[in-house]
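The values are calculated or read from the model by the stated rules, or taken from the named source; none is laboratory data. Only a predicted model underlies this, so the values are computations on that prediction, with no experimental measurement involved. As a convention, Cβ positions derive from the backbone with ideal geometry for all residues, glycine included, and neighbour counts pool all protein chains shown. For accessibility, only protein heavy atoms count, side chains too; no ligands or nucleic acids. Shrake-Rupley method; radii C 1.70, N 1.55, O 1.52, S 1.80 Å.
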Amino acid sequence: LAADRQLNQRKFSDYYYQNEVNHNANENDLTAHHERFKKVISARDTRSLERITVYHSYFFDKFRAEGKYTYADKQAAWDMFIELDTRIATQQLKEGVIETALASLASLFTFHRQTAHTHGFNCRLYYQLVSKVLDKDLRPFTAKWHSQLPALKESSNLETNCRAELEDVQAKLADLKISLGNIC
């Protein structure tokens, strides 16, 4: 939402009610909801905490400023940062077996999906950032070279080409790792 909306408690309460509870709310409905809202956020019982959690999630989903990362974004970014930092994704492949490197890179897709599932819908910015790089840069590389694995094993020329392309992909994944480090 635009920063110029000057969000306050009443506006937030009204916005939530109109968009999540009753699209046709009149002024009396909004006032009654706001009174209930004030009681909920000032109460200290378990039921109130559950309701506050709903409001909190709604706030972060709808009112978080662009470019601001949620706690879930930060956790997910850290998880992927570690994966990228400790795998061939950003480490030089000297004498390693190329098939093992390809398998390690392909497993990043599964790790990314699991991470997004674990941290939920509040890690959208993380998800968009990582998905873009994996889909644009890593997926074409792994698709190409996995299909050529049998030939790779028999041709040092092909392996040389694969290793050269791997270095290009590693550079992009290293940039992603830096971006993720900036989120944490």
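Looking across segment 141-164, the residues that are in a helix (DSSP H, G or I) and polar (S, T, N, Q) come down to Thr142, Ser147, Ser156, Asn157, Thr160, Asn161.
For segment 24-56, the tally of residues that are open to solvent by 70 Å² or more (accessible area, probe 1.4 Å) and either at pLDDT 90 or above or among the basic types (Lys, Arg) (or both) stands at 11.
Against the condition polar (S, T, N, Q) and either over 22 Å from Asn122 (Cβ atoms) or surrounded by 17 or more Cβ atoms within 10 Å (Cβ to Cβ) (or both), how does Thr70 come out, does it pass? So Thr70 passes the test. Every condition in (1) closer than 30 Å to Asp14 by Cβ; (2) more than 16 Å from the chain's Cα centre (by Cα); (3) exposed (fewer than 14 other Cβ atoms within 10 Å of the Cβ) is met by Asp61 except one, and the failing one is (2).
May I ask you to list the residues in segment 80-98 that are modelled with pLDDT under 90 and open to solvent by 60 Å² or more (accessible area, probe 1.4 Å)? Hits for segment 80-98 are Gln91, Gln92, Lys94, Glu95, Val97. The single residue among Glu83, Glu95, Glu167 that is out of contact with any Gly (no Cβ under 8 Å at 6 or more places or on another chain), part of a helix (DSSP H, G or I) and farther than 30 Å from Ser57 by Cβ turns out to be Glu167.
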